[in-house]
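Derivation of every value follows stated rules applied to the coordinates shown; laboratory data play no part. Only a predicted model underlies this, so the values are computations on that prediction, with no experimental measurement involved. Note that we place each Cβ from the backbone using ideal geometry, even for glycine, and neighbour counts take in every protein chain shown.
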Amino acid sequence: MMPVDAGEGTLSITVNGAPRTTPAGASLDDLLRTLGLDPRLIVVEHNGAILRDRASFAARPVADGDVLELVHFVGGG
Amino acid sequence: MATTVTPPQTPAVLDAPLRIAGREFRSRLMVGTGKYADADQMGRAIEASGAEVVTVAVRRVDLDRGNEAGILHHLDPTRLFLLANTAGCYTATDAVRTARLARAAGFNDWVKLEVIADEATLLPDPVGVVEATRTLAAEGFRVMAYTNDDLITALRLEDAGAVAVMPLASPIGSGLGLLNPYSIRTIKHRLGVPVIVDAGVGTASDACITMEQGVDGVLMNTGIAAAQDPVRMAAAMRAAVDAGRLAYLAGRMPRREVAVPSSPTTGLVEPTWT
């Protein structure tokens, strides 16, 4: 994985296995909206912990080095 | 959009509803949501199938496409029972993690548990699926466990806390139909929990023959989605599942290797001599 040069006020995080940056101070809810995702349609695993309460996303900070898995339902048998 | 096709339901007097873990389902046919040409075709096929239980898979969001690839836009969770699967998991640990992710979506605590052992055949890992069933059942999941047509594994899964056991008819996506009716009957006879045959049904006669073994239901995806006309095939599968179920309940006539006339053998008109 390519290291990301996070500038001033920017966090380096990993989302679905790929490096990304996000502004410092962003909540999980902010991050999802920046990515264009509807939080009601996805499930988040944050540093290995599966989050079952979407209402907590706005108060949940994202920190440098965090690892996020964002999953949803797709067609399957 | 083409009109939807909804064949008539089996009269309630002829069959009891399917019950799993205390929940009643309105159809013995469960369908997958993969491999359709588009969401409209999938919706019409599900409608024509009459299925209540529809399976979905858990995958990473493609960040270039956002929610677009998600299937929840196209399924009404107030009318359908969303059953998440753990397809693509090759270890008990991965399957357990996927089940937990699916539960966090907030629809229900049921899972169609798959632990796959071999890429070429997609045959299940009996050890892994028993282990994952035990873990998930202890966490309050209702586990419907995909397995081989092997009695001993099926018994172990029931013992581990599965609410239903799902032996295969033949490998996933193969369309080979029911390869071992004897095994499926034996599993059904020995288990207390419902037996839902999952995978391998290729056409309506396969579904009918499977239900004639006395199992509680059938789950299929490719048999419908890969048909030339999935909506018609969904209606055919629905009729076939009902037909097979009713034939099982009715009890077939014995097989005989000699002919027995259906018409009276007496009172025949005098033969004509020329």
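For B:Ala87, indicate whether it is surrounded by 21 or more Cβ atoms within 10 Å (Cβ to Cβ) and at the interface with chain A (Cβ under 7 Å from one of its Cβ atoms). It is true that B:Ala87 is surrounded by 21 or more Cβ atoms within 10 Å (Cβ to Cβ) and at the interface with chain A (Cβ under 7 Å from one of its Cβ atoms). Output the number of residues of the range B:151-196 satisfying the condition of being in contact with a Ser or Thr (Cβ under 7 Å, 6 or more places away or on another chain), surrounded by fewer than 21 Cβ atoms within 10 Å (Cβ to Cβ) and assigned to a loop (DSSP other than H, G, I, E, B). Total meeting the criteria: 7. If the condition is being in a helix (DSSP H, G or I) and among the aliphatic types (A, V, I, L, M), then the range B:132-150 contributes B:Ala132, B:Leu136, B:Ala137, B:Ala138.
If you check B:Arg245 against the conditions, is it on the phi < 0 side of the Ramachandran plot, exposed (fewer than 10 other Cβ atoms within 10 Å of the Cβ) and in contact (Cβ under 8 Å) with a residue 40 or more places away in the chain? No: the conditions fail for B:Arg245.
Within the range B:27-57, restricting attention to residues that are within 11 Å of another protein chain (Cβ to nearest Cβ) and among the charged types (D, E, K, R), which residue is nearest to B:Pro167 (Cα to Cα)? It comes out as B:Lys35. For the range B:58-80, does any single residue satisfy the condition of being free of Cβ contacts under 8 Å to residues at least 12 places away in the same chain, more than 14 Å from every other protein chain (Cβ to nearest Cβ) and in a helix (DSSP H, G or I)? Within the range B:58-80 (the criterion being free of Cβ contacts under 8 Å to residues at least 12 places away in the same chain, more than 14 Å from every other protein chain (Cβ to nearest Cβ) and in a helix (DSSP H, G or I)), the answer is no, since none of the residues qualifies.
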